[in-house]
Structures are given as C-alpha cells and as structure tokens.
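Step one of this worksheet: look at the structure below.
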Amino acid sequence: MAQVTLRPTRPYAYRLALPGAVFAVIAVAVVAPGLLTGTDPLAADPLHALEGPSTAHWFGTDHLGRDVFSRVVHGARHSLSIGVAATGLAAAVGVLLGLAAGLAPKWLDEVLARSFDVLATFPELLLALLVIAITGPGTANVIFAIGIAQIPNLARVVRAQTFVVRRAGYVEQAVTFGLPGPVLVVRHVLPNVLGPVLVLATIVLAQSIIAASALSFLGMGPQPPAPEWGAMLSEARNYMRVAWWQAVFPAAAVAVTVVSLTAAGRVLRYRFEGRDT
Amino acid sequence: MSATSAGGSAATGGTPVAAGRTPPARPAPPLPETSGRPSTRPARARGLLRAMARRIGSGIVVIWAAATTAYLALLAAPGDTVDILIGDGPDTPEIRASIIREWGLDRPEIVQYLAYLGRLLQGDLGRSYQLQRGVGDILAEQIGPSARLAVAAAATAIVLAVLIALVTAGRGPWARRAVSGVELLAVSVPTFVIGIVLLSVFSFSLGWFPVSGDEGWRSLVLPALTLALPAAGVLGQVLREGLEKALEQPFATTARARGLTERALVARHALRHAMLPGATLVGWFVAQLLTQAIITEAVYGRPGIGRVVLQAVTGGDMPVVMAVVILSAVVFVTVSTVLDLLYRVIDPRLRSS
C-alpha cells in the first residue's frame, strides 16, 4: 500500500512532455503570433458579430465581429508578459531581501523574517489591490502590484536557503581562506541559493499569471481593446447567453497555460528537492 | 505531507500564521512526579491558558501589522496624502479641511500614525470619501451577503472534501492519481474561469439558476460552488492522504483484529486522525475565500464586500481599502485562533502538552 518502490526518472521526463508542448505553442504565440493566425485581433467586422466557430473563424467572432482565435493568440503576449515581469520583479527583490536577512546580524534578520511571515499571511490579491488603489489601474501598475505581493514568499525561501548554504563546508572553508565578503556572497552563496528559487519561480509565475488575468478581469489591467485573456472574459460575460465561444476559449487559454506551468513546476520540484506537491 | 507540507507550500498562498510565529523551543512543562497519566486537570487548564495567551498575542501582532502595512502604503504613495484619501470623491475645501483634521495631517508623522491606531482601537475605521459615509457602516451593511456566501462555500467545500477522501482512500494508485489530478486543476484554474464555466452551463444553457443578483438560495448555489470547488480539491487530497496514513497505523490493525468493519474504523477512528492536517489548511482556505469572494461576487454580480472593495480600488478610496485589509486580518486571526483551540478537541494528545 505504501509507496516504497523507487521511482525511475523516466516518468518525470514523460510528465514534462505535455507541458513542454504547450509551452512551445505559447512561445510561438508570444514571439510570432503571425505564424498562427493571419487575422488582425483588433479588426472589427460588425456584420459578422457573434458568429459561432466555423472554418473562417475557428473560435467564432466576438460582439464587435473580431476573430476570437486571433485575439486568444495575440492575447498570450499581453497576459504572459505581465506574469513574467511581475515574477522577475518579485524574484529580484525577494532574492536581495532574503539574502540580506540570511546574512544580516540576528536582530535585523529577526525584523525582516517576521515581516516576511506576516506579509505572507495576507492573500496576494488583497496586497495587489492595496497597491492598485494607490497607483491606479494599468498594465505597469498591475505588474508592480503583483510583483510586490509575491515578494514575501520568495524572500522567505531565499532566507531559509541562505541559512543552509552559509553553514556549508565550502563556505566555511572560503571564509578560512580569507575570501572577502562580497566575493564570497556572489561566487558561493548566491549560486547555491538560486536553485530552489528557480523551481519556486515556476510556481510563482503560474500564480502571477492567475493574478494578472484576475486583475484584468476586474478591469484593473490592460484596457480595451487590448486582447488580454482576463479582459476578454470580462467583455464576454455580457454576451454569454448568445455566444459561449467568446468566453470559453480565452478561459481555456488561461487554464491550460497555468495547469501546464504548475505541473512543470511540480515535476521540477520533485526532481530537485525530492518532495511532491 | 501533513503539517510540514501545509506550511511549506508557501507559493500556493498564505501559510498558517502559527507556523511562522511559534517559538522554536517550547519550554517543556514540568512532568508530574507520579507516572502513568501525565496530565492532571489543573495542568491541562494551565496549558490551555498559555496556548490561548500565545495565540491571542500573535493574533494582535498580525492585526497591528495589517494596520501598519495599510498605513505605510498610504505614506509610500507618491503625491499629496489629502488627494489620495479623497480619491475620485468630491473635492471641496471643507472636505479637505475635515481630512486634515481627521488624519491630523498638520502634525508630525509619528503622531498621525499613533492617532490612526488609536482610532482603530475605538472601532473607528474612517470615512469613505467616495460614498461620504463611515467605512464601518458601509462594511456592516454589505457583510451579510458576503458572509452568507463564505459560510455556504466553506460548508460545501468541507462536505465535498470529506466525500472525496472517503470515496478514494485505500482504493489503490488510480484513486491517488485521480485525486492529485483534481488537486492540480484546483490550484491552477482561476476562480473566474470556474465561475464563467458554471455560469455558462447552469445559468445560460440549462437555466437552473439566476444569472446574477442575490435573491434566495438559488442565487447562492453557483457562487458557493465556484469558491468551494478549488478548496475541496486541495482539502480532499490532504484528507485522503491523512486517511490512508491513519489506516496503516497499528491502531487500525488492532481495530480490525477486534472485528471492526472497515467503515466503522474509518468513521470512528481514522477520520479524526485525517482531520488534523486538513485543519491546518483552513487558515489558507479562509484567506483564499476572502479574496476569491471579490472575484466571485464580480462574476455573479452579487452585492457584498467584494463590490465595495472593487469600487474603492478603482476610485482610489483609500480609507475603504485600508479598512478591508484590516478586516481581512481580523477574520484570518479569529478563524486561526478558533482552529488552534479546535485542534485540542480533535486530538486529545495535544491537551496534555
């Protein structure tokens, strides 16, 4: 009954295949959307509004007669760039703060660590909304808001990892050899801290994409007519009685992207840290 | 799994506050001289009091931190504080003067901060400049529909999670894979996507439930389900693993040897063991409920705190947003304190320590 059998490595490569295929399609959509669709995502055609899926319009048309397939493809860039930028911001600041806490004198570490703990208990979306209340809506502000909201979680992981690395034999040896502090941190501590951060960043990225599309759905993100998935859903809600396709395809795009990211993040985590979920 | 993974899943959301705040080495209570039953009634009562005091103390710290974070956000914002507090509300010299008076903006910052904390202690949450009313009144008025939604969602989630666990525990690897697949979907699919899909199937296509508003229980079904499904997925997996672990314990073998049926064993013994790791997730769950409710209320066009928050965020009505941040901390702390006491009811072993 218990899982005592040793797991071979191959099933994990296999589990990465499906998410990998999804990432490849998404990457094409982000880099060169023109390869997937020749239609302009902003071209309105009121005569053909709210038409169901057909060979001309694979995902149908929306209330202005725009091609939903083209909007979903072009939307990848809008939706994902917010998530990627927010994760980058959170990772940069999180690593700095986490390293600082891990290497600082005890009292300073205590202050920083407690603030990470308390901030991490707040739901990310609420922190993001607090930031947006001050900065106002817009793409850049949403990136900033989500990034800030993700910092505490990352900083906590970096701090914990810094503690482990700091006590490792190779670091103590480097100290004995008189390596100056900054060199020691950059050459030995940082690279060894970054491994778990990269794994966590996959999952933070998934969460950031959810948060970005949720905030856009609530009208805080990219403004119409930009084809962002969350914003498309918010528009589609008003036409759902007549046109399910306008809502279902962007919804599926968000869901497939995030599920693939989370699944890939878990496989990576299992590979590198040996723990599941 | 169990408590360590619940505390370690930092990426999936708020972690139970107890994990971070408990002092590393709890001073062991002096063991009574007489061996045998280690805990006497007074010792037990003392332990309970100490645990409660510690819990309430850390709860106050979290609420204070929420208030301070909200205040720092206000200070950190670029531009004039009076402008920010007004947001998109009416801007007259009288209102400006009243803001300066209320927040003491002519006084030094530390005095302003202390005055702000003082007002919070008296239950004064400030004034919405968009709606021209006390924030406390607005929240009190709108909390009803939100609370109904939260309670309905929590009840649905717990029932679903227990069902998932009971149906799949001890059924071999396919059940494990199915449940972990459901859990993956639960943490990955955004709330508004679930909401839109349910709305499209059950309201628009089948016409079983109203599309929006808050009239009667029928309008509560889909929103509650939207909030409950992701939570049930996560909770169900944790309960299931707890149940499987419990069924492998020596006491389970003993009970089986006594001739207990598998069903009685689960109902009377194993479920209680499985509940403990599940209960640590509830703090996470409540935090999720609070924010996901904002989205759910928007999807279903329901009245409630969510609508107030969104209006306040769009209009930059800071007093309302700050109050909601503090309110969410109060709810979170209350629920996790109650839970902490509940652990002792679920697990008698904790009462003696």
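The figures follow:
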{"item": "First in segment B:257-274 and surrounded by 10 or more Cβ atoms within 10 Å (Cβ to Cβ), second anywhere and acidic (Asp, Glu) and not in a helix (DSSP H, G or I), Cβ under 9 Å, 6 or more apart", "result": "B:Arg272/B:Asp347; B:His273/B:Asp347"}
{"item": "Residues located in segment A:120-173, provided they are basic (Lys, Arg) and more than 10 Å from chain B (Cβ to nearest Cβ)", "result": "A:Arg159, A:Arg166, A:Arg167"}
{"item": "Some residue of segment B:140-152 being part of a helix (DSSP H, G or I), modelled with pLDDT of 90 or more and touching a Ser or Thr at 6+ places or on another chain (Cβ under 8 Å)", "result": "yes"}
{"item": "Subset tally (residues that are among the hydrophobic types (A, V, I, L, M, F, W, C), over 30 Å from A:Ser208 (Cβ atoms) and assigned to a helix (DSSP H, G or I)) for segment B:161-201", "result": "7"}
{"item": "Per-region count, segment B:299-314, residues buried (at least 23 other Cβ atoms within 10 Å of the Cβ) and in a helix (DSSP H, G or I)", "result": "7"}
{"item": "Of all residues in segment B:204-223 being away from every other protein chain (no Cβ under 12 Å) and in a helix (DSSP H, G or I), the one that is farthest from the chain's Cα centre (by Cα)", "result": "B:Arg218"}
{"item": "Single residue of segment B:89-136 satisfying the filter (assigned to a strand (DSSP E or B) and touching a residue at least 60 places away in the same chain (Cβ under 8 Å)) that is surrounded by the most Cβ atoms within 10 Å (Cβ to Cβ)", "result": "B:Ser128"}
{"item": "Given (1) without any contact (Cβ under 8 Å) to a residue 12 or more places away in the chain; (2) out of contact with any helix residue (DSSP H, G or I) (no Cβ under 6 Å at 6 or more places or on another chain), index of the condition A:Asn238 fails", "result": "(1)"}
{"item": "Of all residues in segment B:156-173 being surrounded by fewer than 18 Cβ atoms within 10 Å (Cβ to Cβ) and either of a type in the set (A, V, I, L, M) or away from every other protein chain (no Cβ under 14 Å) (or both), the one that is farthest from B:Val282 (Cα to Cα)", "result": "B:Val167"}
{"item": "Single residue of A:Ala211, A:Ala201 found to be within 30 Å of B:Gly316 (Cβ to Cβ) and facing another protein chain (nearest Cβ under 10 Å)", "result": "A:Ala211"}
{"item": "Any chance B:Ser188 is buried (at least 16 other Cβ atoms within 10 Å of the Cβ) and modelled with pLDDT under 85", "result": "no"}
{"item": "Failed criterion for B:Ser128 (all others in (1) modelled with pLDDT under 80; (2) under 20 Å from A:Gly136 (Cα atoms); (3) small (Gly, Ala, Ser) hold)", "result": "(1)"}
{"item": "Criterion violated by B:Trp208 - all others in (1) among the hydrophobic types (A, V, I, L, M, F, W, C); (2) more than 30 Å from B:Leu327 (Cα to Cα); (3) buried (at least 22 other Cβ atoms within 10 Å of the Cβ) satisfied", "result": "(3)"}
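The values are calculated or read from the model by the stated rules, or taken from the named source; none is laboratory data. All values reported here derive from a predicted model rather than from experimental measurement. Positions of Cβ are generated from backbone atoms using ideal geometry, with glycine treated the same way; all protein chains shown enter the neighbour counts.
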